[in-house]
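Each value in this text was obtained by applying a stated rule to the coordinates, not by laboratory testing. Quantities reported herein were computed from a predicted structural model and do not represent experimental measurements. Cβ coordinates were reconstructed from backbone atoms using ideal geometry, including for glycine residues, and neighbour counts include every protein chain displayed.
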Amino acid sequence: MPNTDYKSVTGQMSVLNDTVVLTVGGYGTVGFEIGGTFTGTVTFEGRVGGTWRALAVATLAVPGTFVTTTTAPGSWVGSAAGLTQVRMRFSTATSGTVTGDITAAGV
């Protein structure tokens, strides 16, 4: 039976490879919210088994557009099916602080 509740995590990233991670086993959908003032790239990733892989997420501002990275604040949504964890990683950190929220929902 699918999980019908939700869970979330909030964190900040300010140096190279800082992450915000959420365990999503049993959840169907994941949402990412990025804020803050920063220069750099945030990469969306999902964990399958023991391996982190790029995760394509839909840009809410431009329906039908999928990305694996961003350089600006915004909101994204993707599938958590088959993943054990998802994360945002400050993969190219130049300056500033990223505020990241990840929420997983049942279906």
Could you work out how much longer the chain between THR41 and ALA81 gets when fully extended? Use 0.36 nm per residue separation minus the Cα distance between them, nm to one decimal. 11.9 nm
Ordered by fewest other Cβ atoms within 10 Å, a rough proxy for footprinting exposure, PHE90, PHE66 read PHE66, PHE90
Given the C-alpha centroids of the range 8-37 and the range 55-107, what is the distance between them in whole angstrom? 7
When the scattering of the chain is computed by the Debye formula from its Cα atoms alone, each counted once and equally, what is log10 I(q)/I(0) at q = 0.11, 0.12, 0.16 Å⁻¹? -0.30, -0.35, -0.63
Rounded to whole Hz, the Karplus (6.51, -1.76, 1.60) HN-Hα couplings of the range 42-51, x for glycine and proline: 10, 10, 8, 9, x, 9, 10, x, x, 10
Which net charge results for the neighbourhood of LEU60, defined as the other residues with beta-carbon distances under 14 angstrom from its beta-carbon, given Lys and Arg at +1 and Asp and Glu at -1? -2
